[in-house]
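The values are calculated or read from the model by the stated rules, or taken from the named source; none is laboratory data. Bear in mind the structure is a predicted one, so any value in this text is a computation, not a measurement. We place every Cβ from the backbone using ideal geometry, glycine too, and count neighbours over all the protein chains shown. Note: accessible area is taken over every heavy atom of the protein model, side chains too, but ligands, DNA and RNA are not part of it. Shrake-Rupley method; radii C 1.70, N 1.55, O 1.52, S 1.80 Å.
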Amino acid sequence: MQIGLLMVFQNFEDGITDQEAWERDIHLGGLAEPLGFDTLSAVEHHFFNYAMSPDNLQYLSYMASQTEKIGLLTGAVILPWNDPLRVVERMIVLDHLSKGRALFGIGRGLALREYERFGVDMNEARDRFDEAAEMIFKGLETGVIEGDGPYYKQRRTEIRPRPYASFRGRFYAVGMSSDSVPVVARLGAKMMSFAQKPWEEMTDHFDRYRDLYRENHNTQPPSPVCVDFLSCDESAELAELNARKYMANYYMTVMEHYNMTSDHFRRMKGYGDYADNAELLRETGMADAANAFVDINTWGTPQQILEKMENRRRSLGDFDLTVQVSYGGLTGDQAESSIRLFADKVLPELQSWPTH
């Protein structure tokens, strides 16, 4: 099992300066390699304190100079917000800077308020994603990009510097909705899924990805990635207390950023699952939904976390794990204590689990 660390760069309720938030998460991200994590990744989000990471490739390029062996993953590049030509160029540069450690993760984005500020119609998100993904994947492999689709007219162009190495086996894509799973499988990408419902209820989601991957590529699929929030402490009570407070805080920012209880998803092509979830949220109530969100994430003593991971593996089969440690107003010291204990008592055991 591979274990990753995902950086979010949240400034919860503007409780500190943006500079302090970035210094906190740069420090925490710098712990990933010495503590033994396999990958370090960063989100792409714009304009709001929800996640102040508008250029994850720039951050990862900086981290390439601070590290020697850890994989550097875009978690993810939101394709409808980016020019395919520039994505190919910048990923190849990151690969040169890191000597082949770049991992390319992509998504299509979910926040209407980000789409509106980019001037991109969210109804076009799925089609833009599909068109851009094909162009970019081919460009990274061949060093040449071209396109003649409805959204991206790109004359045949050679990229310089040329690719450092093949990106085969280094593609990731977010697959949160039933609409996304076939696309991720067809692209041959490793699927990333963020915690959104009890993991045992995601069995069909993961199995469908594996089946479609085999159908499309006639080979075994890579282990999908579960992305969780982490609260680890020797005290079960303190681990839960922090989870109930800070993960719930983060959940409320998710609801605000994505306007998750709105009915606008009904009007958006390819977002039907989110429309159904919004209806459930309105029926459930925010407080109960926040507690349910906390329940499905990774918290507890090291032994409790290992037991949760073993139970999840029995439900989902093999998976990789990526954790987020800085969120919802949690202090840098609290996050560092959690990550260090997890790395000491949990990480080696999880990494020893074989892939079947």
Handout entry: Over 20 Å [Cα-Cα, segment 1-90], rounded percent
Key = 36
Practice task
Would you grab the residues whose amide H sits under 5 Å from the one on Gln154? Only those 5+ places off in sequence or on another chain, please, with H modelled 1.01 Å from N.
Solution key: Gly147, Asp148, Gly149
Practice task
Report the label-to-label distance for Glu237 and Arg155 in nanometres (one decimal), using points 7 Å from each Cα along the Cα→Cβ vector.
Solution key: 7.1
Completion exercise
Note on segment 205-267: alpha-carbon gyration tensor, axes a ≥ b ≥ c; rule is a/c under 1.5 for rounded, else prolate if a/b larger than b/c, else oblate; result oblate
Practice task
Taking H placed 1.01 Å from N in the peptide plane, check which residues at least 5 places from Gln2 or on another chain put their amide H under 5 Å from its amide H.
Solution key: Leu321
Problem - Two-site FRET efficiency, Glu310 against Arg168, from Cβ-Cβ distance with R₀ of 35 Å, rounded to 0.05 - result: 0.65
Practice task
When a/c is below 1.5 the answer is rounded, else prolate if a/b is larger than b/c, else oblate, so apply that to segment 1-160 with a ≥ b ≥ c taken from the square roots of the Cα gyration tensor eigenvalues.
Solution key: oblate
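Per residue, what accessible area does segment 115-164 have, given a 1.4 Å probe and all protein chains present, in Å²?
Using a 1.4 Å probe on heavy atoms only, each residue of segment 115-164 averages 56 Å².
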Problem - the chain: translational diffusion in µm²/s, Stokes-Einstein, Kirkwood Rh over Cα pairs, 20 °C, 1.002 mPa s - result: 104
Practice task
Kindly work out what percent of the DSSP beta bridges joining two residues of the chain are antiparallel, to the nearest 5.
Solution key: 10
Problem - Carbon and sulfur %, accessible surface of the chain computed with the full protein complex present, 1.4 Å - result: 47
Problem - Peptide ranges 318-325, 226-233 listed from the most packed, as the mean C-beta count within 10 angstrom indicates - result: 226-233, 318-325
Fill in the blank from the handout: Distance in nm between His217 and Asp127 label points, each 7 Å along Cα→Cβ, equals 2.8
Completion exercise
Quick calc, Asp344 & Glu20: beta-carbon distance into FRET formula, R0 30 Å, rounding 0.05, result 0.65
Completion exercise
As straight-line cross-link partners of Lys69, the qualifying aspartates and glutamates (C-alpha separation under 17 Å, not fewer than 8 residues apart within one chain) are Glu33, Asp38, Asp95
Fill in the blank from the handout: Mean Cβ-within-10 Å packing, highest first, puts peptides 175-185, 344-354, 59-69 in the order 175-185, 59-69, 344-354
Exercise for the section: Excluding residues fewer than 8 places away in the same chain, name every one of the lysines whose C-alpha is closer than 24 Å to that of Lys308. Expected result: Lys190, Lys197, Lys245, Lys345
